[in-house]
Amino acid sequence: SSLISVKNQIIRLRKEYLPEIGAKNIISQHGFEADDMIASLCQTLPDGHEAVIVSADHDLFQLLSSSVRMYNPKLKKTITEESFTKEWGIKPSEWVWVKALAGCSSDEVPGIKGVVFKLLMLVADIIGKGDQVVVIARKAK
């Protein structure tokens, strides 16, 4: 089937082609999704080391920090903790709350009915701590 063909291509890519072009750190773990592996690696970076995540996946925004930045190959744009905060008005660690409130169809997160992502980002300050979130409406300018 075509699914087996794709799986075999990915295995060849990982085991043959990537090492051939010089990729040194090829990590895979059966049963884990790539974004979970990326998160684990970013959260366990040794002091003084930096990481660049190459992805257009907005879910990974929450990993941005002083030692982790992203490169979006679709936009050809580097996103840092500072540029993210400037653009969105929240800390990267608070991104998960935006996704939970507004929903995310690609992750099958329904969100709260009637909450629109872009409107939420315009009118609210989101403060998340642990399993609680506070949404504060901004004063109209």
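The values are calculated or read from the model by the stated rules, or taken from the named source; none is laboratory data. Only a predicted model underlies this, so the values are computations on that prediction, with no experimental measurement involved. Please note: Cβ atoms are built from the backbone with ideal geometry, for glycine as well, and neighbour counts cover all protein chains shown. Accessible surface is based on the protein model in full, side chains and every heavy atom, while ligands, DNA and RNA are left aside. Shrake-Rupley method; radii C 1.70, N 1.55, O 1.52, S 1.80 Å.
Overview of values
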{"read-out": "For the stretch 24-88, the fraction of alpha-carbon pairs in successive 10 Å shells from zero, as %", "value": "19, 54, 24, 2"}
{"read-out": "Potential extension, ALA34-LYS76 segment - 0.36 nm per residue separation minus Cα distance", "value": "13.0 nm"}
{"read-out": "VAL96 paired with LYS7, simple spin-label distance in nm, labels 7 Å along Cα-to-beta-carbon", "value": "3.1 nm"}
{"read-out": "Coil-residue GluC sites (Glu not before Pro) of the stretch 1-107, DSSP, other Cβ within 10 Å capped at 15", "value": "GLU33, GLU50"}
{"read-out": "Probe 1.4 Å - accessible area at ASP47, Å² to nearest ten", "value": "150 Å²"}
{"read-out": "Accessible surface, the stretch 57-99, averaged per residue in Å² (probe 1.4 Å)", "value": "56 Å²"}
